[in-house]
């Protein structure tokens, strides 16, 4: 699940539901990354509070066992969407509780005042730097795109992205409606 922002209360509610993974967007610094990761771990590793009712299936699973192993089974991803984050990524990527990163090319382009120039030279250089650092530290890098065309998917793969989500429900609905309209025009004249 992707949380909407750096918010302890919201993060706790999400974790209490027992997701397989959590994604933190708009991380700006190593300090913020460390704080976010601490939200996902019980003491002495972090600052997560107790209360995983849904995560232990309302008592069907052993709560004490969950405290020991549950947080270590959780996948944690941080979104790379800010230049400041990339600048500190070398120190961030060392954290053993990070499973990977999600590269947000749109927001990354905005962080260098080139919003919308997703595949612009400066944005790609910053993205490459981030991917190289993450890969060096054994972390997977993914990306999400609203596009679903071969060219965009190919560009992401060529960059070294190993996990890609593409398209969106509204896009598929709109494209399906356009195709249906074109089919109707052909048949009905």
Picking from 142, 110, 138, the residue that is assigned to a strand (DSSP E or B) and modelled with pLDDT of 95 or more would be 142
Quickly run through the range 145-159 and pick out the residues that are over 13 Å from residue 105 (Cβ atoms) and either part of a loop (DSSP other than H, G, I, E, B) or in contact (Cβ under 8 Å) with a residue 40 or more places away in the chain (or both). 148, 149
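Looking only at helices (runs of 4 or more DSSP H) that fall completely inside the range 1-99, which ones have 1 or more residues that are buried (at least 17 other Cβ atoms within 10 Å of the Cβ) and modelled with pLDDT of 95 or more? I'd like the intermediate steps shown before the answer.
Details: elements: 8-16, 30-39, 63-73, 83-87, 89-92.
Here the list reads 30-39, 83-87, 89-92.
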Restricting to the range 113-130, count the residues that are part of a helix (DSSP H, G or I), surrounded by 14 or more Cβ atoms within 10 Å (Cβ to Cβ) and out of contact with any strand residue (DSSP E or B) (no Cβ under 7 Å at 6 or more places or on another chain). 5
Expected output for the range 38-59 (first residue at positive phi, partner outside any loop (DSSP other than H, G, I, E, B), Cβ below 8 Å, 6+ apart or cross-chain) is 51/12; 51/16
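The values are calculated or read from the model by the stated rules, or taken from the named source; none is laboratory data. Not measured: the values here are computed from a predicted model. Note: ideal-geometry Cβ built from the backbone for every residue, glycine included; neighbour counts use all protein chains shown.
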